[in-house]
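To start, the structure itself, in structure tokens.
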Amino acid sequence: MRFFYLFKTCIIIVTLLKVSPPSASLPEERPFPALLFMYLKSLELTGFKSFAKKGVFDFTSDISGIVGPNGSGKSNVAESFRFALGEQSIKSLRGKRGEDLIFNGSKNIGRSNRASVKVTFDNKKRFLDIDFDEVVIERVVHRDGVNQYFINGSLVRLRDVSELLASANIGSSGHHIISQGQADRILNANIKERKEMVEDALGLKVFQYKKQESSKKLQKTEDNIDQVQSLRKEIAPHIRFLKRQVEKVEKSIAMREELKGLSLEYLKRESEYINHNKKQIEEDRKAPEKELEDLEEKLKKAKEILAKSDEADEKSEELINIEKNLAEIRAKKDALVRELGRMEGQVSGEERRIEKEKQEQEVLENRTVSYSELNKVAEQVYSQLDDGDIKNDINEVKSILQKVGSIVRDFMSVTFSGEKKVDVDYSELEKLKSEKAELDEKLKEVSENESTYNQKYQSLKKQIDEEKDDSREAEREVFTIMSRQSELRGVLSKLESLESQIAHAKDDFERELQEVAVLVGRAVLDYHKFDLEVDLYPPAGGEERQVQEERRRKIEKIKIRLEEFGGGSGEDTMKEYKEATERDEFLEREIADLEKSAQALTDLIKDLEEKLSTQFKSGIEKINKEFQNFFSLMFGGGKASLSVIKEKKKKKSDTDALGEISGDIGQESDEEGEEGIDISISLPNKKTQGLTMLSGGERALTSIALLFAMSQVNPPPFLVLDETDAALDEANSKRYGDMIETLSKYSQLILITHNRETMSRAGIIYGVTMGSDGVSKLLSVKFDEAVQVAK
């Protein structure tokens with residue numbers, strides 16, 4: 001109740017000041033300057049410090065005053081602005097922990113679990129970069145220390161709030177919120193902190209944010225470049241290894257293509273050769289077999305005639321016996337010829353196997369020659385090191401060469417153990433040749449017997465030819481038939497031998513087809529589609545059989561080389577190499593893009609620094625002009641200015657440039673530090689130079705003049721001044737009030753004060769009182785209505 005009556009008395013006094021005529025003791029009436037637009041609409045506190053219940057401040061005037069006795073909670077209002085706008089220093093809000101900002105209860109009211117502050121802005125002119133006509137920024141703190149930020153009821157980050165306010169030259173700890181006892185903070189700050197305050201007042205914080213963000217992005221981009229380059233370095237050896245493997249695969253592919261071409265031609269020619277000879281043998285066999293059948297019929301009839309003859313003599317019997325013996329001998333001879341043909345095919349196959357083993361052995365010998373030569377060179381070098389004149393000087397070299405020789409011998413032993421030379425096995429070939437020789441002897445013996453019986457047969461035939469009777473006609477016909485049968489059987493025997501060779505050639509053809517199909521794929525199975533440009537068979541313009549054999553040997557060599565490269569197709573290696581190179585190319589493009597981004601960020605930072613420097617210099621000039629005006633108004637003259645300086649640091653040097661101990665040990669040298677702001681003042685009628693020589697009142701007037709000058713150059717939407725006029729006398733209070741009215745043309749003012757003169761300039765006054773329950777309460781009066789009541 002005591003504050004209520006005191007507040008009512010203050011309201012009456014201020015109202016009388018506004019409606020009374022000018023006098024010597026009261027300030028003259030001044031018209032209230034009207035803002036063209038007021039951005040700050042209201043402030044709502046719930047559970048914040050001493051405001052246990054919801055309290056709402058409606059700022060409908062360009063100058064709003066907040067009054068009340070000491071300890072009633074007036075300064076909590078100024079701190080609530082800082083809290084809502086994102087202040088992170090609990091100490092600057094007069095607390096130690098986040099829960100210190102929450103109403104802690106009293107005798108009659110329990111403590112709150114959360115504190116909330118809402119600041120409402122009128123954004124019809126879009127001074128905030130958000131598409132709403134009204135913007136409500138709210139911050140909530142809970143007992144567990146968790147903070148939440150809201151913009152128009154939507155949960156956001158602190159960064160979102162800071163960036164939104166920075167675009168409108170508003171911040172949580174800027175020059176536009178001066179808490180109690182911090183009026184001369186700008187004077188007590190060092191030159192670096194003072195520069196930050198000036199930059200904040202000039203609205204350069206948004207550029208600082210952009211510069212910091214660009215610097216972080218640039219650092220992150222450079223880190224990404226280093227990481228990508230490291231990745232390229234890691235995969236480079238693998239790519240080189242894969243490249244060598246791919247080169248081998250490409251060679252093997254080329255060899256497979258060559259093998260495919262040769263094999264198609266070889267298989268085509270061999271197939272045609274086999275088929276042609278098969279058909280030719282069948283054609284050549286038909287006529288002799290048919291004639292042989294006819295001769296058998298004739299011979300059978302002639303034998304019947306001879307057998308029925310009653311007058312058969314010894315010659316007839318001998319003729320019959322010779323014919324029987326010749327038939328047996330010829331049957332035996334035919335069997336031996338067939339067996340000999342089969343044996344010749346086996347010998348030919350064994351000779352081809354031995355030839356292939358010899359070719360493989362030649363490849364192995366060529367590879368082992370280099371190892372032998374390397375061992376010989378190592379032994380020669382080692383033997384030369386045994387010279388007695390140089391033995392003492394090169395013991396270490398000799399030891400190394402001993403190790404080299406040991407390594408070479410070990411390597412050769414491992415190499416020869418893995419690729420041991422194997423002698424070609426001739427035993428099977430010798431066995432086959434031995435069996436063939438036995439067959440040749442048997443055939444020779446049978447041929448001699450046949451020749452003997454043929455001689456008898458010819459002699460007997462000659463005798464029979466001399467006979468003129470009819471009985472000898474049958475005998476002569478038998479001789480003729482048997483002679484022709486012998487010729488026909490010789491022809492058939494040759495055809496059977498050729499057929500046996502063709503059968504062996506077909507076996508070799510099928511084996512070759514399977515081996516080539518394994519190495520080059522199933523495409524060779526379509527060998528029959530291969531076109532040949534020359535005839536196949538000599539002498540009608542075709543090639544000799546020897547050319548086909550040369551082609552086969554060339555195919556065998558290529559197959560051996562392919563087996564050394566490995567039987568795989570290499571598709572996995574090619575695919576892995578392609579993926580690795582594509583990844584390397586992708587990383588190379590990433591590095592180029594990152595370097596381009598880094599250059600763009602570097603240019604952006606450079607542009608921001610130039611813009612900051614330009615606007616900072618022009619802002620300092622404008623602030624100096626206003627600072628001089630306000631300083632002259634407050635002190636009735638004098639000079640005041642800001643200047644940009646660089647901090648001087650002392651550096652001790654105990655050694656000279658050569659690193660030796662100098663004679664002037666501990667000598668100090670000046671070193672330029674960071675850039676900052678220095679304040680120079682000169683009071684009228686005094687020789688006071690520097691801030692340290694000022695009294696408390698002079699410091700208050702100087703800080704007020706500087707703060708108002710900074711606000712005049714780049715006016716913020718609102719200013720909160722908490723008892724900045726506490727140290728002023730009556731005369732200076734009047735000047736302070738005039739300066740407030742001037743500032744109210746550019747910024748909305750919220751004044752926390754005990755000064756009557758300051759109260760008289762307010763359009764609306766809020767009274768803050770506190771009862772026994774420890775809760776701050778609000779009372780308000782609008783002077784437009786109060787003036788009407790007073791009149």
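Readers should treat all values here as calculations from the given coordinates under stated rules, not as data from a laboratory. Note that the structure is a prediction, hence the values are computed from the model and not measured. Note that each Cβ is placed from the backbone with ideal geometry, even for glycine, and that neighbours are counted across all protein chains shown.
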- Query: How long is the gain from M574 to D58 if the chain were fully straight, where each residue apart is worth 0.36 nm and the alpha carbon distance is subtracted?
  - Reply: 178.1 nm
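Calculate the FRET efficiency for E477 and E258 from the Cβ-Cβ distance with a Förster distance of 56 Å, rounded to the nearest 0.05.
Values: r = 65 Å, r/R0 = 1.15.
With a Förster radius of 56 Å, E is 0.30.
For a quick protection proxy, order the peptides 580-588, 513-521, 42-50 by their average other-Cβ count within 10 Å, most packed first. Before the final figure, lay out each step's value.
Numbers: 580-588: 13.7, 513-521: 17.0, 42-50: 21.9.
Highest mean packing first, the order is 42-50, 513-521, 580-588.
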- Using θ = phi - 60° and the Karplus form 6.51 cos²θ - 1.76 cosθ + 1.60, what ³J(HN,Hα) does each residue of region 223-240 get, whole Hz, x for Gly and Pro? 5, 5, 4, 4, 5, 5, 4, 4, 4, 5, 5, 5, 8, 4, x, 5, 5, 4
- Message: Taking 25 Å as R0, compute the FRET efficiency from the Cβ-Cβ separation of K431 and E549 and round it to 0.05.
- Response: 0.55
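Taking the Cα centre of region 114-196 as origin, work out the dipole magnitude from +1 charges on Lys and Arg Cβ and -1 charges on Asp and Glu Cβ, in debye rounded to 20. Can you show the working numbers first?
Details: 13 positive and 12 negative charges, 51 e Å.
The calculated dipole for region 114-196 is roughly 240 debye.
Pairs K91/K216; K557/K578; K124/K606; K217/K596; K494/K529: which are spaced more than 23 Å apart, C-alpha to C-alpha? Please list the in-between numbers first.
On the way: K91/K216 28 Å; K557/K578 31 Å; K124/K606 35 Å; K217/K596 13 Å; K494/K529 33 Å.
Check vs 23 Å cut-off fails for K91/K216; K557/K578; K124/K606; K494/K529.
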- Query: Hey, rough spin-label estimate for K332 and L779, points 7 angstrom out along Cα→Cβ, what's it come to in nanometres?
  - Reply: 15.6
- Note on the structure: Under the 7 Å Cα-to-Cβ spin-label approximation, S486 and K625 lie apart by a distance in nanometres of 14.5
- Item | Backbone N under 15 Å from the H754 label point (7 Å along Cα→Cβ), restricted to region 46-69 | 66-69
- Which net charge results when you count Lys and Arg as +1 and Asp and Glu as -1 among the other residues whose beta-carbon is under 11 Å from that of S215? +2
- Message: Quick check: Cα centre of region 682-735 to Cα centre of region 60-76, how many Å?
- Response: 21
- Message: If I model a spin label as a point 7 Å beyond the Cα along the Cα-Cβ vector, how far apart are those points for E283 and K442 in nm?
- Response: 3.5
